[in-house]
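Structure first, commentary second.
The values are calculated or read from the model by the stated rules, or taken from the named source; none is laboratory data. The model shown is predicted, which means the values in this text are computed figures rather than measured ones. Virtual Cβ from ideal backbone geometry, glycine too; neighbours counted across all protein chains shown. Note: accessible area is taken over every heavy atom of the protein model, side chains too, but ligands, DNA and RNA are not part of it. Shrake-Rupley method; radii C 1.70, N 1.55, O 1.52, S 1.80 Å.
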Amino acid sequence: SVMEPQEIREGYLVKKGTLLNSWSAVWVVLSEDGVDFYKKKTDRSPKGMIPLKGATLSSPCQDFVKRTLVFKITTEKKQDHFFQASHVEERELWVKDIKRAITCIQGGKKFARKSTRRSIRLPETVNLAALYTEMKNQDEGVKELKLEQENRVFNHCFTGATVIDWLISKEKARNRPEALMLATGLMNEGFLQPAGDLSKEGAESGEQAAFLDDTKALYYFADSGFFCEGYSSDEDVLLKEEFRGNIIKQGCLVKQGHRRKNWKVRKFILRDDPAYIHYYDPAKADDPLGSIHLRGAVVTAVDYVPDAKKKDIDGNLFEIITADETHYFLQAATDQERKEWIKAIQMVSKSGK
């Protein structure tokens, strides 16, 4: 068999500081026996190392209400480390590989993604991440709608009853109680989020969060373009217009600042119609720091940035030039990731309004 690589996965995650309650983006490398994190991707020595022997992983982790994408690694010595991904699929990839690494260490085996034992399809082994991906499929999945309730408009959402209907129609469950169990699992794992008052009450009702099989209970996909608006001035609606498109791609990139020319890790969300890319501080769940209107924009791979210091940045750079001639310089973690972002942005800039 082929030797597995020493490094299993690497990328940007947001980590909670061990002493302070501060969250910041770090470069994380998962190897067969531990997780190392670096202040910058270009740093030689890690800021910290987390041994995985005897460790446990909790995901999702309910310690932080406002942060839905956190997972926790608890070491053998009972030290907690909290990491936050930028979207659900990304969290699932990390969680799956870290769990696998922990299991392999326990069994004294070399890391391998494939399990030798065919898993028996019991409810406990249902792959919720795969189910979620299917549910989000634009053609075959649960349709995202604009629904009105109590003088509020909920964009990109659906009802609890719709989810249950879909699970049964796709033969994921034989009856409503069984479907309800799956939907509750999806909600508890943070894939589905409660949107309105009724569904929120259910989710926070007691010991066990309840998903409601109800036409008035509203839910949304954890990484969709969901937003709620009250009836108000036209100005508000205009402001929200740029968030209406479907999310095409999201994740962390390094961006050069316009004024100080310093490079920072930002979370990017690309939407298609209208064509916008918004960027956020990955450590905060606030409004975007900025938006780039992509209609008629040009995006290309570049070898260097005119005023970047070599030590700050190395390779996998690309540039977006907007229709009004504003230049943005970005860096992907790998050449493959750069190709994917360029392709996605090009597609959106041609088709989006």
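Numerical summary
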quantity: Å² per residue, accessible surface of the chain at 1.4 Å; calculated: 56
quantity: Amide hydrogen neighbours beyond the local backbone of Gly48, cut-off 5 Å, H modeled; calculated: Phe37
quantity: Nearest-10 value in Å² for the accessible area of Ile168, using the 1.4 Å probe; calculated: 50
quantity: Spin-label model distance (nm) - Asn21 vs Asp33, 7 Å beyond Cα toward Cβ; calculated: 3.7
quantity: Rounded to whole Hz, the Karplus (6.51, -1.76, 1.60) HN-Hα couplings of the range 165-181, x for glycine and proline; calculated: 4, 4, 4, 6, 5, 8, 6, 7, 8, 8, 8, 5, x, 5, 5, 4, 5
quantity: Accessible-area composition of the chain, carbon plus sulfur, in percent [1.4 Å probe]; calculated: 50
quantity: Alpha carbon centroid spacing (whole Å) that separates the range 42-103 from the range 263-301; calculated: 26
quantity: ³J(HN,Hα) computed for each position of the range 57-62 - Karplus, 6.51 cos²θ - 1.76 cosθ + 1.60, integer Hz, glycine/proline x; calculated: 10, 10, 8, x, 10, 8
quantity: Part-to-part distance (alpha-carbon centres) for the range 332-353 and the range 149-213, which is given in Å; calculated: 33
quantity: Estimated [θ] at 222 nm from DSSP helical runs (n ≥ 4, -39500 (n - 2.57)) normalised by residues in the chain, nearest 500; calculated: -7000 deg cm²/dmol
